[in-house]
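Heads up: the structure comes next, in C-alpha cells.
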Amino acid sequence: MNRHLVGLLLGTEEDWPRAFETILRRTGPVRAGGGEEHAFDVERITIEPFDLRDRPRYDLVIDRLAYWYYVPREWLKKIALMDDVYLLNSPFTFQSMEKHAAYCAMMRLGLKVPDTVLVPFKNPPDNAKWAYTASRYNQPFDLEAVAERIGYPLFMKPYDGGAWVGVTRINDRDDLHAAYDASGQRLMHLQKAVDGYDVFARSLSIGPETMVMKFRPELPMHDRYEVAHGFLTPDVGEEVVTISRLVNAFFRWEFNSCENLVAGGEVHPIDYANACPDVALTSLHYYFPWAMTALVRWTMFTMVAGRTPRLDLDMAAYFAIADRDDLSYGDKLAGYRRLADDYFETERYLDFCASRLSHLDEVVLEWVDSADFDTLLVETVRATYPAAEHDRFVAHFRGLVRLWVTDTKAALQPGQPA
C-alpha cells in the first residue's frame, strides 16, 4: 500500500482544518488505475529550525501561513527546490500575490482590468539613501491630475493589500487627499471604479474546480456570500470561471479566490491574488462543504495520480496567445482555458473523481448532517463572536448548513443530477 502524508501549515484557523482532517480520514483509501491502494494521513506542521539537507516527511503541503511568516516560507522553498514536495500554493510567486504583478500580467493577457496607476509613497521610506535619490530622480507629480485622468469614482488600494485593508472609495478631490495622507508609507494603486456594476462575483478555485458565488461586500462578513443560483448568464459565468482558472494556472496557484465585477455583460477582474483565500465556516456557510470536498479531492488526486510540481512559469505560452492580433477576446480566453486545463489535468481529474471518489459526496453529506459537524459549528461560532451573539449566529449558520444538506440530499437522489 502507498501511504501519503499531507501537511497543514496553519496560522489561527481551526474550523476548516478540522473539517479537512475529518473528511480525508473518513474517505479512506482509494485505488489508482493500476489497482494499487493509496492511504492518506494528515498532520499539522510545527515551526522549528531545519537543516537544508533534511528530507521532509510530507508528500503535499497546504500552506496558509507563509504569506506573512518568513520562516515557513523559506522551508517551503527548500522542500520545493530540493525534495519535490507538492505545494498549494507556489512559494515563488508571492510577489505576484502583492496584486501589482498580477494586474500587469492579466492586462498583458487582455483582461478587462480597470485602469490602474501606481502612485509614489505619501511619506518617504525609512532609508538613508532616500533624500539623495529623491532629490536627483523623483519627478514631482499632480495627484489630482492623475485621479482626474482616471476619472471619479475610483478606489485607492494598497498594491500589496488583503482583506480589504486600506481600500478607500474616492468620490472627489477631498476623498483623494484624505486617503493619500492616511496611506503613509504604503505604496498605493489608484484604480477606476466599475460604477453601477450588476453583480459582484467572487469565485473560489481549488485545483480545476471553481465555485462562483454572489458577493455583497457592503454587508458584514457572515452575510456577504449570498446563497444564489443562476445569477450570471451561462456565457458570463463561463468567462468568470475561465479567468479564475487562468490566473491560477499562470502563477501556479491552486487554492485561490478571484473577484470580478460584471457590468453590462462585461467581466472586470479587480482582485485575483489571494495567498490565503477565505474558507472560514462563518464566511462560506452554505458553500463550506463544497470547499472542503474540493480540497480533499484535489489533494488526493495529486498524490494518487503522481502529479509532479511545476515550478517553472510558462508565461510565454500565454503571451503568445495574447499578442496575436488575429484572435478575438473570446478566442484568447478559449486558448487560455486550454492551457489552464492542461496545467490542472482537468480531464484526468474529473475521471479520477468519477471512478475513484464517487463515494465522497455521500461521506461529506453524512458528516455535515451529523452531531459531530454541529459541534464544530457551535465551537467555531463561540470562538468568533461575542457571547451575547452566540445563539443568534448558531441559529443563522445552522439554517444555512441545513439548506445545503437539503439541497444536496435532493441532488443525490436517484435520477437527479449530482
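Numbers for the structure displayed
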quantity	calculated
Lone qualifier among 180, 152, 197 - being of a type in the set (Phe, Trp, Tyr), surrounded by 17 or more Cβ atoms within 10 Å (Cβ to Cβ) and more than 30 Å from residue 350 (Cα to Cα)	180
Residue list for the stretch 313-347, restricted to those being surrounded by 14 or more Cβ atoms within 10 Å (Cβ to Cβ) and over 23 Å from residue 102 (Cβ atoms)	345
Yes/no for residue 246 being surrounded by fewer than 23 Cβ atoms within 10 Å (Cβ to Cβ) and of a type in the set (A, V, I, L, M)	no
Check on residue 331, more than 21 Å from the chain's Cα centre (by Cα), not assigned by TED's automatic domain parsing to the domain that holds residue 368 and not aliphatic (A, V, I, L, M)	yes
Residues of the stretch 229-243 classified as touching a strand residue (DSSP E or B) at 6+ places or on another chain (Cβ under 6 Å) and exposed (fewer than 13 other Cβ atoms within 10 Å of the Cβ), total	0
Sole exception among (1) over 25 Å from the mean Cα position of the chain (by Cα); (2) farther than 20 Å from residue 287 by Cβ; (3) of a type outside the set (Phe, Trp, Tyr); (4) in a helix (DSSP H, G or I) for residue 413, by number	(4)
Criterion violated by residue 94 - all others in (1) among the aromatic types (Phe, Trp, Tyr); (2) more than 26 Å from residue 158 (Cα to Cα); (3) in contact (Cβ under 8 Å) with a residue 60 or more places away in the chain satisfied	(2)
Subset of the stretch 197-247 [under 18 Å from residue 340 (Cβ atoms) and of a type in the set (S, T, N, Q)]	203, 205, 210, 242, 244
Candidate set from the stretch 287-310 (those that are of a type in the set (Ser, Thr, Tyr) and surrounded by 20 or more Cβ atoms within 10 Å (Cβ to Cβ)); member that is farthest from residue 252 (Cα to Cα)	293
Some residue of the stretch 349-356 being touching a helix residue (DSSP H, G or I) at 6+ places or on another chain (Cβ under 6 Å) and within 26 Å of residue 202 (Cβ to Cβ)	yes
Residue in the stretch 296-310 that is over 26 Å from residue 351 (Cα atoms), among the charged types (D, E, K, R), within 19 Å of the chain's Cα centre (by Cα) and modelled with pLDDT under 95 present	no
Residue check, residue 299 in contact (Cβ under 8 Å) with a residue 60 or more places away in the chain, hydroxyl-bearing (Ser, Thr, Tyr) and either more than 19 Å from residue 62 (Cβ to Cβ) or outside the structural domain of residue 14 (by TED's automatic domain parsing) (or both)	yes
Residue among 49, 56 that is modelled with pLDDT of 95 or more and assigned by TED's automatic domain parsing to the domain that holds residue 82	56
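The values are calculated or read from the model by the stated rules, or taken from the named source; none is laboratory data. This structure is a prediction, so every number in the text was calculated from the model and none was measured. Here the Cβ is made from the backbone with ideal geometry for all residues, glycine too, and neighbour counts use every protein chain on show.
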